[in-house]
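Working notes, structure below.
The values are calculated or read from the model by the stated rules, or taken from the named source; none is laboratory data. Please read these numbers as outputs of a predicted model, since none were measured by experiment. Please note: Cβ atoms are built from the backbone with ideal geometry, for glycine as well, and neighbour counts cover all protein chains shown. Accessible surface is based on the protein model in full, side chains and every heavy atom, while ligands, DNA and RNA are left aside. Shrake-Rupley method; radii C 1.70, N 1.55, O 1.52, S 1.80 Å.
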Amino acid sequence: MTEHVLRVSDLETSFMRDKTEIKILRGVNFSIRKGEILGLVGESGSGKSLTSLSIMQLFHGTTGKIVKGSIYFNGEDLTKMSESEIRKIRGKQMAMIFQEPMTSLNPVLKIGKQLMEAIEMHLKLPKSESKHHAIQMLKSVGIGRAEEIIHEYPHQLSGGMRQRVMIAMAMACHPNLLIADEPTTALDVTIQAQILELMKKLKEENETAILLITHDLGVVAEMCDKVVVMYAGQVVEEADVFELFASPKHPYTKGLIASVPKIGDKKEVLDSINGHVPSPQNMPKGCKFAPRCNQVMSICQEESPPTVEISATRQCSCWLYAKKDVEVNA
Amino acid sequence: MWKYTARRIVEMIPILIVISILTFLFIHLIPGDPARLVAGKDATIEDVENVRHELGLDKPILKQYVDYMKNLMTGELGTSLTTGLPVIDMFKTRFMPSLHLTFLSMLWATLIGLMIGVFSAINKNKWPDYFGMVTAVSGISIPGFWLGLLLIQLFSVQLGLFPTGGLDGFSSYILPSLTLGAGIMSMIARFTRSSMLETLQADFIRTGRAKGLKEHSVIVTHALRNSLISVVTVAGLQFGFLLGGSVVVETVFSFPGMGRLLIDSIAFRDYPVIQSALLLFAFEFILVNLIVDVLYTVLNPKIQLDS
């Protein structure tokens, strides 16, 4: 077994609104090994992006704060580090690419300058070498005319090219962990496939662990080794990617998988999960999914379900399995 | 950028021709007979006719305009009716003080305004922000004549640090430039603050932080550069206004600049001076606008390439 690059345990993150604390993440647990791709899935508002921002601790200009739990990265707890210590890790050992390639690059700075910024700072290279390194990185993400591109501005590039630049920037210091927050959502399907392929290739070459945040189950099936399903700021199910698609356990995961339209189906109305993700201010008592669950039991509305280990690679937070567990134990 | 600048300079020519026509017509739009105005109330009809001939007002209007343009090209702007001096000489002594005052006021107002704006933005809703914005509101709200008088009272009368007025070396510029720059500083501070607040929300700022950049490089290299465009617009407009001279501040400090020259000329109906001052102000405004537009292309690479 390879070591864990990242281990998030019991992570709770809150925002302050009008002096009241609003808890968004309520105990998130998962871990990623070296060279592994972990998919983080869930609907909008389930806390996927906030989980990634919590790991990077990018709360600037917001009232967000980690209130509980730990984030072990290469054996060190990030929650106990100062901003300046975290800054040395950000961009160097842990990098991030974002959903919006069109706005994630600074419009008034040349591509080269934006790439070299991080290289010069983290790798302490002189200007000429960092320029060479930047060109190499652009070539490694499949940009042919790298020597010209470094003198161009973001608006001269297409969305796919910009996302390649973002990836080159993130991979520039060969990080141990790459967090990709919906990296292909804003791109055309053909470009999407290229970008995913590129991420896979770079992972193989550098043994980078990837935390892939997405709501696209197709991308998950294609890319990931392991999947974590989030709902209302909690992990509801964790499984190997094959197991998850073959036999989803949690009713929410079942709902998600059933909602994917299948070619050949002649349904008038597509399947969906009824209702909405509850707002953080009005979280239901007990299981947060209970109001939308089609297998809801009376206990679900009273108490939060425990996390049950179904197999060595599988965990699920649902009373359906906890009950069986109790019965077996009795 | 050079190509763009050259094109813009060529584009200035038709605008300048239109302006020259307007200022040329100015003397003809004055109610009454310009020759009589120049000759004076008690002049005989012969005197008036002589003046008319001297001024070339008896020639066909097109010929008059061609002569006017010829004179303009050689820097011949006519003679002042009140002092009898060539207008160009009067401008020479009055323009430079105004220009210096403008530069000095703009310089400190822009530097301090940017600083207050940036600090307010990065400390939004904390005490440096409140302090900065109270300063800015005061700067805008206090009328120039009153601020000028207060400064004279404190620094000239009580402390004796600066002259109360006139123009005698660098120290004469300090108080007028403080008075003139206060409002501009405030405006720049407010524009910088709101523009910075908007930019700090941008995705690329998050990218910068995710790269592990130090906070000051995120603020200066990434946020401020993007915020400068709206600030340049405001600063450019203010600069254009200031070049025309400030009547109020020049009066309070008995400062011999263009503003007072213009006001005095209007009071004495000194038409050749007014006419030339109009031409000069229009030209200054066009020039400042050109500089602002070129600065845009420096600040935002997209503008240059799209044009």
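Between B:S265, B:S217, B:S230, the residue with the greatest mean-square fluctuation in the GNM of chain B (Cα pairs under 10 Å linked by springs) is B:S217. Calculated accessible area for chain B comes out at 52 Å² per residue, all protein chains present (probe 1.4 Å; ligands, DNA, RNA ignored). With both labels modelled 7 Å from their Cα along Cα-to-Cβ, the A:V189 to A:I22 distance reads 3.6 nm.
Carbon-plus-sulfur fraction of the accessible area of the range B:265-307, 1.4 Å probe, in percent? Answer for the range B:265-307: carbon and sulfur cover 69 percent of the accessible area. Legend: mean number of C-beta atoms from other chains within 10 angstrom of residue C-beta atoms, peptide A:252-263, equals 0. Probing with 1.4 Å while keeping every protein chain in the model, the per residue accessible area of the range A:184-289 equals 50 Å².
In the range A:47-68, comparing the full protein assembly with the chain on its own, the residues that lose 30 Å² or more of accessible surface at a 1.4 Å probe are A:L58, A:H60. Across the cross-link table entries A:K88/A:K254; A:K65/A:K200; A:K201/A:K249; A:K131/A:K200; A:K127/A:K203, which are compared at the Cα atoms, the separations over 29 Å belong to A:K88/A:K254; A:K65/A:K200; A:K201/A:K249. With 50 Å² as the minimum drop in accessible area between chain alone and full protein complex (1.4 Å probe), the qualifying residues in the range A:76-110 are A:R87, A:F98, A:N106, A:V108. Once each of the GluC sites (Glu not before Pro) sitting in a DSSP loop with at most 10 other beta-carbon atoms within 10 Å is removed, chain A keeps A:4-267 as its longest stretch. GNM on chain A, alpha-carbon springs under 10 angstrom: the most fluctuating residue among A:R314, A:R145, A:R164 is A:R145.
Helix A:189-206 and the long axis of chain A differ in direction by around 80°, with both axes built from C-alpha atoms. Computed about its Cα centre, the charge dipole of chain A is approximately 500 debye, with only Lys, Arg, Asp and Glu carrying charge at their Cβ. The calculated FRET efficiency for A:E3 paired with B:T233, based on their beta-carbon distance and R0 = 56 Å, is about 0.50. The Cα atoms of the range A:188-330 give a gyration tensor whose axes a ≥ b ≥ c have a/c of 1.5 or more with a/b greater than b/c, which makes the shape prolate. For A:K113, the aspartates and glutamates whose Cα comes closer than 14 Å to its Cα, not counting residues fewer than 8 places off in the same chain, are A:E129, A:E147, A:E148, A:E152. Whenever you get a sec, compute what percent of the accessible area on the range A:58-159 sits on carbon and sulfur atoms (1.4 Å probe). The nonpolar share, carbon plus sulfur, comes to 52 percent. Against the main long axis of the alpha-carbon atoms of chain A, helix A:159-171 sits at an angle near 90°.
Available extension along the chain between B:D168 and B:K63 is 33.3 nm, counting 0.36 nm per residue and deducting the alpha carbon span. A:K127 to A:M102: FRET efficiency via 1/(1 + (r/R0)^6), r the Cβ-Cβ distance, R0 30 Å, to the nearest 0.05? So the FRET efficiency works out to roughly 0.55. Once the Cα atoms are used to define both axes, helix A:111-123 deviates from the longest principal axis of chain A by about 80 degrees.
Summarising the label geometry, the points placed 7 Å from Cα in the beta-carbon direction at B:L278 and A:Q295 lie 8.7 nm from one another. Each helix, a run of at least 4 DSSP H residues, gives -39500 (n - 2.57); summed and divided by the residues of chain A, these come to -10000 deg cm²/dmol at 222 nm. Among residues other than A:T63 with Cβ under 15 Å from its Cβ, the summed charge is +3 (Lys and Arg +1, Asp and Glu -1). Summed over both chains, the area buried between A and B is near 2200 Å², taken from the accessible surface of protein heavy atoms with a 1.4 Å probe. Atom-type composition of the exposed protein surface of the range A:210-251 places 52 percent of the accessible area on carbon and sulfur (1.4 angstrom probe). Spin-label pair B:L287-B:L159: with each label point 7 Å from Cα along the Cα-Cβ axis, the two points sit 3.4 nm from one another. Springs join every pair of Cα atoms under 10 Å in this Gaussian network model of chain B, and among B:N226, B:N289, B:N71 the largest mean-square fluctuation is at B:N71. Ignoring the sites themselves, what is the longest stretch of chain B with no chymotrypsin sites (Phe, Trp or Tyr not before Pro) in a DSSP loop and at most 16 other beta-carbon atoms within 10 Å? Between exposed loop sites, the widest span is B:1-169.
The helix-based estimate of mean residue ellipticity at 222 nm for chain B, built from -39,500 (n - 2.57) per DSSP H run of four or more residues and divided by its residue count, is -24500 deg cm²/dmol to the nearest 500.
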